[in-house]
Every structure is written in structure tokens, then in C-alpha cells.
Amino acid sequence: MKISACRVIVCSPGRNFVTLMIETDEGVHGIGDATLNGRELSVAAYLKEHVAPALIGRDPARIEDIWQYLYRGAYWRRGPVTMSAIAAVDTALWDIKGKVAGLPLYQLLGGASRDGVMVYGHANGNDIAQTLDEVARYAGLGYKAIRAQSGIPGLASTYGVSKDRMYYEPADAAIATENIWSTAKYLDHVPKLFEAIRSRFGFEHHILHDVHHRLTPIEAGRLGKSLEPYRLFWMEDPTPAENQEGFRIIRQHTVTPIAVGEVFNTIYDCQTLISEQLIDFIRTTVVHAGGITHLRRIAQLAELYHVRTGSHGATDLSPVCMGAALHFDLWVHNFGIQEYMRHTPETDAVFPHAYSFKDGYLHPGEAPGHGVDIDETLAAKHPYKSSALPVNRLEDGSMWNW
Ligand code: KDG
Ligand code: MG
């Protein structure tokens, strides 16, 4: 079997997605997600100009060799654009391998380690009362784990608070929207949110929170300590993680578990975090961290150090990524949790999929490969729309992390 075509499909059914389609001379095809929110066309160009021509005529069964060819062979290693492009190829090749074998991807990886994949949904509101109502809604839908975010008094907008309560699309304008951030107002407010959640709902559910890279390590230590009575499942991205050693400071001050890594793209981004046990959950995912092949390496390093997986699963990761991630999650021994921010009905229609939700768990289904396809005719009806993620400034106008 040989790769006969390699096409990039860019569409916007509710939001932008980049999908790689790999076809073979024996009529089997596979697809991979290559979506990099706000920078979609850079990955599309990387794939079209530099990857697709080099894949024609290769044996699609040689997944490891093709991964190494694209990683080592580029000379310019790593980075979100390169690693998302490699991820798309890798995911499509695993899809083809599963279809050729007639087996769901999780069976190729080693079979199921569990019966279902525990997921967390997003409860968010403009204020604490609205967030509490959303927690009640997710609990009513059967979720065992719920992420809670709320607006901050005195700030016009806050990360994680959406207009539409089930979906969250922060990339809302062609030129980035500017938000204002205050660490002092945030740190004052957040413990009140979790106090209110635990006093209304008790401790039955796992509760999570995303700090979204806004704090310094010592501020994150303070937040983690103040949230200890509410026993969070995790505190996510408390501080930007380029300086992995900075997490030692957080660890010295709190036992609130820490999850990091949705923006990481290789094992080297989390080598110190994992090997020094500075985090509890690694959030790397299929699309941004080099596909199933590389995610498996990260998870197996993490397993040595009691770090569990908790893959990113926001709306900007397409159903193709979600399908592949669920096979990975069902197999990987040191699984922790999977984020599941629902897609819009328009997105779901363009990407028919075998995965399904029941009682707080997702299951990838039994279709051969990763079980997600693309309806290209429908996709063509949703052309690309330029949209960027917001940026943050402090109240004095200085740029800050969004
Ligand atoms: O594109 C950026 C989003 O995926 C990100 O802001 C979502 O932090 C996020 C999360 O935890 O889902
Ligand atoms: Mg996050």
C-alpha cells in the first residue's frame, strides 16, 4: 500500500478547523486534526508546502519512521506549527492502520484499560450564582467532574466565561480583542467561588479550575493554599511553564494538585516538570504534541513519576482530535481525566463520529481506526474566517499573559 494523495481541508463550521486527509492507492483513507487556534493557516501551509509532497509514494504502515522523518528531517525541530503538522500525519496514519486491521485504534495500542473515559465539562457564569446554576446543570447531565470559572467583580471580561454556556470560543475577532486583568481582584474572588460550590453541592463531584497562565509561582502557591479546603481535582496552568523550575516554588506551598501542558508540543517541555514530580497531570494532547506516537512517549515518562494524563479538549480541538484522544485515553494506564468541551451541532455534522457520552464518561466506539470522518461537501459550505485569540493587559496597560 502507498500514499497516493495528501490534502488539507480548511473549514469553519462554527469555528475554524484544519484537517489532513491521507489517501492510499488501495482506497483506504485516514484523517488527522491540524488545528492551531488563531494560527490555522500557518499549519495548513506547512502541511501543503513542506509535508504533503514528501509523503506521496510512502508506505502508510511505517508510522514511526514517517514520524522520525518529519521530526528529525525538518532540521528545525519542535514548535506548535511543526508539531501540529506532524500530529495530523501521525493521526491519519494510525487511522489508516486501524482500518486496514479492521480494529479500533485502542486495540492497536494494547487494548482497553478501563470501560469508559471520565470527562470534565465546563460550568461558567458571569458571577458565582450563574456558575453554581451551571454546575447544577452539568451534575444533572451526569458529569462526575466539572470545571468552574466565573466572572471577576471589577473586570469587564474573564477567561473561561462564555456567551454561550455549552461552547466556548475565545477567538472572537480578526484582530485580537484586548482584555484587562487584575491578579489582586482574581485572587480575592476565586476562593469565594469554590466555597460556594462546596457548600451547595458538597464533595461528591470532582471540581477543577483553570488559572490560564495568569499568576507568578508565589501567587500560584498562595492560590493553591487558599483552595485546599475545597479539595480541587486540579488547579490548571497556574503560571506560564517555560520556566519549569518555577513550579518548585508552587509545590513548596500547596498540596492542591497541578495540571499543566495544553500548550506544550514535545516531551522536552515537560521533562523537568515530570521527572521532579512538580505536577500531577500532564495536559498534552494529540493535535499539539506530535500525535499518538509522541503522546505515548510523554505518558510513559509520566507514568514513572506518578503523573497522570488529563488531555486538553477545548472546542478548538476538532472531533478528529477528540476521537483519537479517546482511544488513547481508553488504553493509557496512567489516565487521569479528559477535558470535553462540546462542539456545536454544525461542527458535529461536518465530522461524523463513533464516540458517545454516557453518565459522565465518553467511549470512542468500536469503528476501525479512530472512528471520526469528515463530510467534505458540508465542510465546503463553511469557509475559513480569520479569528485571533484575545490578549490581556494589566490595569496600567502593560501586556500580560492571556
Ligand atoms: O485555543 C485556546 C483554548 O484551547 C484554551 O484557552 C482553552 O485553556 C483552555 C482549556 O483548558 O480548555
Ligand atoms: Mg486550559
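The values are calculated or read from the model by the stated rules, or taken from the named source; none is laboratory data. Note that the coordinates shown come from a computational prediction; the quantities given were computed from them, not determined experimentally. Here the Cβ positions follow ideal geometry from the backbone for every residue, glycine too, while neighbour counts run over all protein chains shown. Accessible surface is based on the protein model in full, side chains and every heavy atom, while ligands, DNA and RNA are left aside. Shrake-Rupley method; radii C 1.70, N 1.55, O 1.52, S 1.80 Å.
Brief remarks follow.
- Aspartates and glutamates whose Cα lies under 13 Å from that of K48, excluding same-chain neighbours fewer than 8 positions away: E40
- Estimated vicinal HN-Hα couplings, Hz - the stretch 156-169 in sequence order (Karplus 6.51, -1.76, 1.60; Gly, Pro = x): 5, 8, 9, 4, x, 9, 10, 6, 9, 6, 8, 10, 9, 10
- Other residues whose C-beta falls under 14 angstrom from the C-beta of R137 contribute a net charge of +1, scoring Lys and Arg +1 and Asp and Glu -1.
- Amide H contacts of E339: Y120, S311, G313, each under 5 Å away and 5 or more positions distant or on a separate chain (H built 1.01 Å from N in the peptide plane; Pro and chain starts excluded).
- Cα gyration tensor category, rounded, prolate or oblate, for the stretch 279-401 with a/c compared to 1.5: oblate
- Protection proxy ranking of 183-194, 70-81, 264-275 - average other beta-carbon atoms within 10 Å, highest first: 264-275, 183-194, 70-81
- Derived scalar couplings between HN and Hα for the stretch 8-17 equal 10, 10, 10, 8, 9, x, x, 7, 6, 9 Hz in order, rounded to whole Hz, by the Karplus curve 6.51 cos²θ - 1.76 cosθ + 1.60 (θ = phi - 60°), x for Gly and Pro.
- Rounded to the nearest 10 Å², the accessible area of S157 at probe 1.4 Å: 50 Å²
- Anisotropy class of the stretch 3-103 from Cα gyration tensor, a/c 1.5 cut: oblate
- 1.4 Å probe accessible area per residue over the chain, in Å²: 39 Å²
- Whole-Hz ³J(HN,Hα) from phi, Karplus 6.51 cos²θ - 1.76 cosθ + 1.60, for the stretch 247-261, glycine and proline x: 6, 4, 5, 4, 4, 5, 10, 8, 9, 5, x, 10, 10, 8, x
- Here the peptides 330-340, 35-45 are ranked by packing, the mean other Cβ count within 10 Å, and the order with the highest first is 330-340, 35-45.
- Per atom type, the chain shows carbon and sulfur on 52% of its accessible surface, probed at 1.4 Å.
- Estimated inter-spin distance, T272 and A74, nm [label 7 Å along Cα→Cβ]: 2.3 nm
- Among beta bridges that DSSP assigns inside the chain, antiparallel share in %, nearest 5: 45 percent
- Straight-distance crosslink candidates among lysines, where the alpha carbon sits under 20 Å from K225 and sequence neighbours closer than 8 are dropped: K185, K192
- Under the membrane-span-like helix rule (DSSP H runs whose alpha carbons stretch at least 20 Å along the helix axis, mean Kyte-Doolittle hydropathy 0.5 or higher), the chain yields 80-101.
- The overall shape of the chain is prolate: from the C-alpha gyration tensor, with semi-axes ordered a ≥ b ≥ c, the ratio a/c is 1.5 or greater and a/b exceeds b/c.
- In the chain, helices alone account for a calculated mean residue ellipticity at 222 nm of -10000 deg cm²/dmol, with every DSSP H run of four or more residues adding -39,500 (n - 2.57).
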